[in-house]
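To start, the structure itself, in structure tokens.
The values are calculated or read from the model by the stated rules, or taken from the named source; none is laboratory data. Just so you know, these numbers come straight off a predicted model, no measurement behind them. In this analysis, Cβ positions are derived from the backbone assuming ideal geometry, glycine residues included, and neighbour counts consider all displayed protein chains.
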Amino acid sequence: MRVELAGWFSLKDRFFEDLKKELDEKEKVREEIIQVSRKLRLSSSKAIMNIHANNIQKSQNFLQDSENLLNQVLSYRETHPELFYLAYDSMQEFVEAYVFTHAVRDLRLPDDLPVSIPQAVLPGLADCIGELRRYVLTLMIRGDDIERVEKIIRLMEELYFRLVEFDYHDKLTGNLKHKLDVVRNVIERTKSDYLIALASSRKT
């Protein structure tokens, strides 16, 4: 008995063509997200670098560029949520730069952030503590205002104490627990370095 398969093959062709069109579109968007995210990461990194170099105005310019790029990245959250995870690392870098800039400029943490995605915000805040340590060490090497050093260290502790409240699964927090283990040691080392520098300055 012969079974007619022409209709089945015709359906299969259309079905797989539709799948291919969908994947072609997703691949195009994927490349777009990666490209914009790369620009966001680079601009945010340059904002941080210029803070360390004491080029405050240049840092502000890069941070403004980063905010514009962030808005582009966030537009993909609604249109292609299944691909949005590709932007987490770059948004994490942005959060780090944003909070670091405000902490150094204003000696306080910002009231709000332009992004509120836990997987990007929480690890970005944790990484910011490491940048604040680098900044504190630079201040101590320069022999800058001790009061400023103390305020930055307090900000590091404040950030840490806020972050430890987020006791959730790593997939929800961007691997925050591991980062907090590192951060706790960073803060203790910074406080120890500060006390040594303070004792040394009092001897001279």
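If the requirement is being within 12 Å of the chain's Cα centre (by Cα), part of a helix (DSSP H, G or I) and under 24 Å from N175 (Cα atoms), which of these qualifies: S66, S116?
S66
Scan L159, L109, L155, L125 and give me the residue that is outside any helix (DSSP H, G or I), within 19 Å of L63 (Cβ to Cβ) and of a type in the set (A, V, I, L, M).
Result: L109 is the single residue among L159, L109, L155, L125 that is outside any helix (DSSP H, G or I), within 19 Å of L63 (Cβ to Cβ) and of a type in the set (A, V, I, L, M).
May I ask you to list the residues in segment 153-162 that are surrounded by fewer than 19 Cβ atoms within 10 Å (Cβ to Cβ) and out of contact with any Ser or Thr (no Cβ under 7 Å at 6 or more places or on another chain)?
R154, E157, E158, Y160, F161, R162
Could you identify the single residue in G174, G143, G124 that is surrounded by 19 or more Cβ atoms within 10 Å (Cβ to Cβ) and on the phi > 0 side of the Ramachandran plot?
Unique residue meeting the criteria: G174.
Take T101 and decide whether it is within 17 Å of the chain's Cα centre (by Cα) and within 20 Å of N50 (Cβ to Cβ).
Yes.
Take V95 and decide whether it is at pLDDT 95 or above, within 26 Å of L137 (Cβ to Cβ) and either of a type in the set (G, A, S) or in the same structural domain as D167 (by TED's automatic domain parsing) (or both).
Answer is no for this residue.
Restricting attention to segment 84-106, does a residue exist that is loosely packed, with under 15 Cβ neighbours inside 10 Å and free of Cβ contacts under 8 Å to residues at least 24 places away in the same chain?
Scanning segment 84-106 turns up at least one residue that is loosely packed, with under 15 Cβ neighbours inside 10 Å and free of Cβ contacts under 8 Å to residues at least 24 places away in the same chain.
Being among the hydrophobic types (A, V, I, L, M, F, W, C) and either assigned by TED's automatic domain parsing to the domain that holds F94 or closer than 17 Å to V99 by Cα (or both): is that true of I141 here?
Taking the combined requirement at face value, the residue does not satisfy it.
V29 - would you say it is assigned by TED's automatic domain parsing to the domain that holds N175 and surrounded by 13 or more Cβ atoms within 10 Å (Cβ to Cβ)?
So V29 does not fit the description; no.
Can you confirm whether V3 is among the β-branched types (V, I, T) and either modelled with pLDDT under 95 or loosely packed, with under 11 Cβ neighbours inside 10 Å (or both)?
When the stated conditions are applied, V3 passes them.
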